[in-house]
Amino acid sequence: FNEQVTNEFTASHLYLSASIWFNARDWEGMAAYMLSESEEERGHALSFIDFGIKRNIPLQLQSLDEPPSAWHSPEDVWETLLAAEKENTQSLLKIAEEAKECNDFSLVHFLNPFHMEQVESEDKLGTILSKVKDE
């Protein structure tokens, strides 16, 4: 559970780094999108923390690795983000599987909106990446 909190904060930092990268190149629209996604990912982490507190799950924040920041192109940025979202999807599926095995149905229920968001995120990022590659 703590690992997922870390994953969400890591995703937030990754999107923030991408926002900074796009801002430095005067791509304000993409920078704003990345900033918004960063805030959303932070919100996910806080939701996990709130749920953990309510369920008396022992919580401990973990260190975050420095996010990438030296991309060569917008395509590189979008590829990095899509790969990160796919990793996050797998992490969430692992937690859901463990919750089902333990008959922790409240955790399964809590995770459902995150699963649907991952489907949407991967689809959106894949579409954007395809368009960026076509440019």
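The values are calculated or read from the model by the stated rules, or taken from the named source; none is laboratory data. Just so it is clear, the model here is predicted, and its values are computed rather than measured. All Cβ positions, even for glycine, are placed from backbone atoms using ideal geometry, and neighbour counts span all protein chains on display. Only protein heavy atoms, including side chains, enter the accessible area calculation; ligands, DNA and RNA are left aside. Shrake-Rupley method; radii C 1.70, N 1.55, O 1.52, S 1.80 Å.
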| note | The answer for the chain, accessible area per residue at 1.4 Å probe in Å², is 59 Å²
| task | Could you state the angle between the C-alpha long axis of helix 28-54 and the longest principal axis of the C-alpha atoms of the chain, as a value from 0 to 90 degrees rounded to the nearest 10? | result | 10 degrees
| request: Could you point to the residue in ILE20, ASN56, SER38 farthest towards the positive end of the chain's charge dipole, with +1 and -1 charges on the Cβ of Lys/Arg and Asp/Glu respectively? | output: ASN56
| request: Would you mind checking LYS94/LYS131; LYS100/LYS124; LYS86/LYS131; LYS54/LYS86; LYS54/LYS124 for any pair whose Cα atoms are more than 25 angstrom apart? | output: LYS94/LYS131; LYS100/LYS124; LYS54/LYS86; LYS54/LYS124
| query | How large, in percent, is the carbon and sulfur part of the accessible surface of the range 90-135 at a probe radius of 1.4 Å? | reply | 54 percent
| In degrees, nearest 10, range 0 to 90: what is the angle between the Cα axis of helix 105-134 and the longest Cα principal axis of the chain? | 10 degrees
| request: In whole angstrom, note down how far apart the Cα centers of the range 50-114 and the range 9-24 are. | output: 17 Å
| task | Note down the magnitude of the dipole of the chain about its Cα centre, charges +1 on Lys and Arg C-beta and -1 on Asp and Glu C-beta and zero elsewhere, to the nearest 20 debye. | result | 320 debye
| task | Express the carbon and sulfur contribution to the solvent-accessible surface of the range 1-40 as a percent, rounded to the nearest whole number, probe 1.4 angstrom. | result | 56 percent
